[in-house]
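The values are calculated or read from the model by the stated rules, or taken from the named source; none is laboratory data. Computed from a predicted model, the values in this text were never measured in an experiment. Note that each Cβ is placed from the backbone with ideal geometry, even for glycine, and that neighbours are counted across all protein chains shown. Each accessible area value is taken on the protein alone, full model and side chains, heavy atoms only, with ligands, DNA and RNA left out. Shrake-Rupley method; radii C 1.70, N 1.55, O 1.52, S 1.80 Å.
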Amino acid sequence: LAPNLRGLDVIVRTGSEDSSVPPWQSRRMARVLQEHGVNVTFNEFQGKGHWWWDTKVDSDGGAMNDPQLRTFYLTKLAGAL
């Protein structure tokens, strides 16, 4: 399946303390995608679990809507329009 993602940009993110999806699985997925020519950005966040908030205000983004992902979403959506 990995070759089907060639030409797409993929972000793989994991917390180093993730007990739901062990970080080694995310590292392996990123490596396999790279080996198949997929453009992968990999981030492992130290001390973070499966879900986290990066600021003091709940529901402000955290794991799914931080500056890196907002830029990624806007760039990819702009290219799709």
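What is the percent of Cα-Cα separations in the chain that go past 19 Å?
For the chain, the fraction of Cα-Cα distances above 19 Å is 46 percent.
Counting only residues 5 or more places away or on other chains, whose amide H sits under 5 Å from the amide H of residue 15 once H atoms are built in the peptide plane?
Long-range HN contacts for residue 15: 45.
If we count chymotrypsin sites (Phe, Trp or Tyr not before Pro) as exposed when they sit in a DSSP loop and have at most 15 other beta carbons within 10 Å, what is the longest stretch of the chain that avoids them all?
1-50
Which residue, chosen from 62, 1, 41, occupies the Cα position most advanced towards the positive end of the dipole of the chain, where the dipole is computed from +1 (Lys, Arg) and -1 (Asp, Glu) charges on Cβ about the Cα centre?
Of the options given, the answer is 1.
What accessible area per residue comes out for the chain, rounded to a whole number of Å², with a 1.4 Å probe?
70
If you average the sequence gap of Cα pairs under 8 Å that are 6 or more apart and divide by the length of the chain, what percent do you get for the contact order?
Answer for the chain is 31 percent.
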